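Chemist: Here you go, one structure.
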Amino acid sequence: MDEKVLKPITEVSYLTAANVGRYRGILRYFYTQYERLHHYLFPEEVLSYLRQSMFFQDYTEEQLQQDLNQLVEWKNLIPRQDTTRVTSVEEFKKKKFRYQCTPYTVEIERMVQGLEEMGDSFGGSLERTLFDRLLNSLIKLLAYRSDSSHQHRKIYGVEDMSDEELYALWQELYDNFRKLTEGATDYLAHLQSEKVEEMMMTEAFLSYKDAVTDYLRNFMTALQHTSFRIENLLADAPDQLIQLITTRLADYELKIPRLDERPPKESLIERFFGQWQDLTTWFLGDESGESDLIYLQNVTNETIRRITRFAQRIGERHHILKSRRQDYLFLADWFARCDTLEEAHEISASVFGVFHTRHLFSGGKATEDIYAEIWDEEPTEVTIKPRVRRYREKTKPGAIKSLQQEKQQTLTAYLKEREAEQKLVAEIVQQNQIVLADLPLVDPYIRKTLLRWIGKSMTHQERMAKTETGRKFRLITVDDQEITLRAEDGNLVMPNFVIQFLE
């Protein structure tokens, strides 16, 4: 653990001090003026602003000076002697100061202002466009082309970028990733909060149920459309390229002119590499368990199911509490107009069912023939068990049967079937490639295998994939014409592809 984490932060002392109202009023004014690029303030300006509030009507100049000195001691303000309005030696000795808030104070006030606007509930949102923006940034960062002078060398797009363009692209990539993770976490926490669950139990929630579920489903659709491509890009990114990118980012960071102390280059490289590790771990996971992306999918699906369950319970409760008064009055009038008791019995049996019935149980149907009569079926024998609490069925110890022979026979049959299928695939390979336009009438298994290979290769940037046996191949589009792949169970119209094996 870094030593900085264990040190106290004196800059936040003003938030819990005795005169917290005075300190917060002063620093909030410093922060608003800082946002307006007015960095240095005189005590007279601060006092004039504070006295506009009803809470500071009796606030004196001596109290302001004491509070300013205390904030300087807590490292919230930086004093600087003002010599522009000095007209005598005595005025110079009085040391009139103007004050500037520190970077820590600016970030603290920015955080506090965000907390005030957020309130007691979680914020956040599920912006589905962030996945597309994240994917586009990764494509720009990891794109490459083949070098014509060197057959096996790849020229990456970042090599043609300036350091400034690379730094802007990296900031865009990581900002989108941070917005995605923080927004999704906060929004799902908002839906799982106690306050929202109480609202879900009210009938007013039914009007929002469809909007919320559609919002979550659209987010899941965008996630599923782009996450697989993002995972492939991250998995195929070479370590040498990431090392090159982080080194160039660190060099550019050091070129930015700053007057304060600069961190070492190794520390900056480690920071940028840590950001890349956060991105890859969130999408791909690590050795300890599944990725955060899978967890987000599961939580989102569970949230959709939970919302649907709440809406269903509200509907059922509303249906149960519905008054049946008019229905019963209508039935009562119907019974009153019956001329005989027999007619009333018939209406009662139709409305309420037969009162004295026996419920019989039987096993499953022996046939699916819809024309079979029940009299033609064998009777079902039901053993009635005694209604005694201590009743237990008698059991007999039995021997464990060895099924090794049956297992071996099943395995042998399976391997023979797989071998026959592999022979079918090998027959259509000509000169280390499969030309789909030249294939004769094929077995349905061949068609399914070819479509599975095509689907796997289409997700890769270079249209490369591996077969079930580990052979690497590339999918090549011959032209824009369509071909017909004929199989025993039908024909399939598809693009003119050629599958070329690389080994």
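No value in this document is a laboratory result; all are computed from the given coordinates. Bear in mind the structure is a predicted one, so any value in this text is a computation, not a measurement. Every residue, glycine as well, gets a Cβ built from its backbone with ideal geometry; the counts of neighbours run over all protein chains shown.
Chemist: If the cut-off is 16 Å between C-alpha atoms, which aspartates and glutamates fall inside it for LYS209, apart from same-chain ones fewer than 8 positions away?
Modeler: Cα-Cα hits under 16 Å: GLU197, GLU198, GLU302, GLU316.
Chemist: Starting from the Cα of LYS466, draw a straight line to each of the aspartates and glutamates and keep only those under 15 Å, dropping any in the same chain fewer than 8 residues away.
Modeler: Qualifying aspartates and glutamates at Cα under 15 Å: ASP236, GLU503.
Chemist: For segment 378-432, evaluate the Debye formula with one uniform point scatterer on each Cα (no solvent term) and list log10 I(q)/I(0) at q = 0.13, 0.16, 0.23, 0.29 Å⁻¹, rounded to two decimals.
Modeler: So the normalised log intensities are -0.70, -0.79, -0.96, -1.10.
Chemist: Between GLU35 and GLU182, 0.36 nm times their residue separation minus their Cα-Cα distance comes to what?
Modeler: My answer for the length gained is 50.4 nm.
Chemist: With n ≥ 4 as the cut-off for DSSP H runs, can you work out [θ] at 222 nm for the chain, using -39500 (n - 2.57) per run divided by the number of residues, rounded to the nearest 500? Walk me through the numbers on the way to the answer.
Modeler: Working: 17 runs with 273 residues, N = 503.
Helix contribution divided over all residues of the chain: -18000 deg cm²/dmol.
Chemist: Roughly how big is the chain's charge dipole about its Cα centre, with Cβ charges of +1 (Lys, Arg) and -1 (Asp, Glu), in debye to the nearest 20? Intermediate results must be reported in sequence, preceding the final value.
Modeler: Numbers: 67 positive and 82 negative charges, 238 e Å.
The calculation lands at about 1140 debye.
Chemist: Please list, or write none, the aspartates and glutamates whose alpha carbon is within less than 17 Å of the alpha carbon of LYS365, excluding same-chain residues fewer than 8 places away.
Modeler: Partners found: GLU373, ASP376, GLU377, GLU378, GLU381.
Chemist: Kindly flag which residue pairs out of LYS423/LYS472; LYS140/LYS179; LYS416/LYS456; LYS75/LYS96 have an alpha-carbon separation exceeding 23 Å in this structure.
Modeler: LYS416/LYS456
Chemist: Work out from phi, with θ = phi - 60° and the Karplus expression 6.51 cos²θ - 1.76 cosθ + 1.60, the ³J(HN,Hα) of each residue of segment 342-356, listed in order in whole Hz, and give x for Gly and Pro.
Modeler: Coupling constants for segment 342-356: 5, 5, 5, 4, 5, 5, 4, 5, 6, 8, 9, x, 7, 6, 9 Hz.
Chemist: Order 157-169, 373-385, 403-415 from most to least packed using the mean count of other Cβ atoms within 10 Å.
Modeler: Final packing ranking: 157-169, 403-415, 373-385.
Chemist: Taking the Cβ of THR185 as the centre, find all other residues whose Cβ is under 14 Å away and add up their charges (Lys, Arg: +1; Asp, Glu: -1).
Modeler: -3
Chemist: Go through GLN431, TYR34, GLN66 and say which Cα lies farthest out towards the positive end of the charge dipole of the chain; charges sit on Cβ, +1 for Lys and Arg, -1 for Asp and Glu.
Modeler: Of the listed residues, the answer is GLN66.
Chemist: On to the next question. Restricting attention to segment 209-264, which GluC sites (Glu not before Pro) occupy a DSSP loop and are surrounded by at most 13 other Cβ atoms within 10 Å?
Modeler: GLU261
Chemist: Per residue of segment 420-437, what does 6.51 cos²θ - 1.76 cosθ + 1.60 with θ = phi - 60° give for ³J(HN,Hα)? Whole Hz please, x for Gly and Pro, Karplus curve as stated.
Modeler: 5, 5, 5, 5, 4, 5, 5, 5, 8, 7, 10, 6, 6, 7, 10, 8, 5, 5
Chemist: Suppose the Debye formula is applied to equal point scatterers at every Cα of segment 13-63; what is log10 I(q)/I(0) at q = 0.20, 0.21, 0.27, 0.32 Å⁻¹?
Modeler: Calculated log10 I(q)/I(0) at the listed q: -0.73, -0.79, -1.15, -1.27.
Chemist: How big is segment 228-307 in terms of Cα radius of gyration and Dmax, in angstroms?
Modeler: 17.5, 55
Chemist: Still on this structure, please answer the following. Output the relative contact order of the chain, whole-number percent, from Cα pairs under 8 angstrom with separation of 6+ residues. Can you show the working numbers first?
Modeler: Details: 395 pairs, mean separation 42.4, N = 503.
Over the chain, the number comes to 8 percent.
Chemist: Return, for the Cα atoms of segment 378-503, the radius of gyration and Dmax in Å, separated by a comma.
Modeler: Every Cα atom of segment 378-503 included, Rg and Dmax give 25.9, 79 Å.
Chemist: Give, as a single signed number, the net charge of other residues whose beta carbon lies under 12 Å from the beta carbon of TYR99, with Lys and Arg counted +1 and Asp and Glu -1.
Modeler: Neighbourhood net charge equals -1.
Chemist: Classify the chain as rounded, prolate or oblate from the Cα gyration tensor: take a ≥ b ≥ c as the square roots of its eigenvalues, call it rounded if a/c is under 1.5, otherwise prolate when a/b beats b/c and oblate if not.
Modeler: oblate
Chemist: For the chain, build the charge dipole from Cβ charges (+1 Lys, Arg; -1 Asp, Glu) around the Cα centre, then report which of LEU331, GLN52, LEU450 sits farthest towards its positive end.
Modeler: The Cα lying farthest towards the positive end belongs to GLN52.
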